[in-house]
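Remarks on the structure that follows.
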Amino acid sequence: MYITAAREFRCSHSNAKRSFYRSFNAVFGKVGRCASEEVIVELLKTKCLPSLLYATEACPVNKSVLRSLEFVINNCLQENILY
């Protein structure tokens, strides 16, 4: 996490998103379409989500940040698993 504003405490989650995409691409690159959807979702929960959610309890999370983090997860699931 990076602190982006000093007057009003805000954090940047871009590094966490980048790390999540990196870990998801590594996992999905290994298993690809050979694994079932359930296996990919479990791998996503155990290997990728911790990198996205790291230190979020220390930073304030408002609705826009929450939607941004949800978009990252939904984007990976929709593009790679469902289609």
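Read the figures in this text as sums done on the coordinates, not as results from a lab. Note that this is a predicted model, so its numbers are computed, not measured. All Cβ positions, glycine included, derive from the backbone under ideal geometry; neighbour counts span all protein chains shown.
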_Cysteines without a disulfide-compatible partner [the chain; Cβ-Cβ under 4.7 Å]_ = Cys34, Cys48, Cys76
*Around Arg10, which amide H atoms from residues at least 5 apart in sequence, or from another chain, sit under 5 Å from its own amide H, with H modelled in the peptide plane?*
Thr4, Ala5
*In percent, what relative contact order does the chain have, based on Cα pairs under 8 Å that are 6 or more apart in sequence?*
33 percent
_Give me the dipole magnitude in Debye, nearest 20, for the chain about the Cα centre, with unit charges on the beta carbon: positive for Lys and Arg, negative for Asp and Glu._
300 debye
_Give the residue list of GluC sites (Glu not before Pro) in the range 16-67 that are DSSP loop and have at most 14 other beta-carbon atoms within 10 angstrom._
Glu57
_Residue among Asn25, Asn15, Asn62 with the largest mean-square fluctuation in a Gaussian network model of the chain, springs linking Cα atoms under 10 Å_ = Asn62
*asked:* Just to confirm the number: angle between the C-alpha axis of helix 63-77 and the first principal axis of the chain, 0 to 90 degrees, nearest 10?
replied: 20 degrees
*When log10 I(q)/I(0) by the Debye sum over Cα atoms at q = 0.14 Å⁻¹ is calculated directly from the model, which label among (i) -0.66; (ii) -0.54; (iii) -0.50 fits?*
(iii)
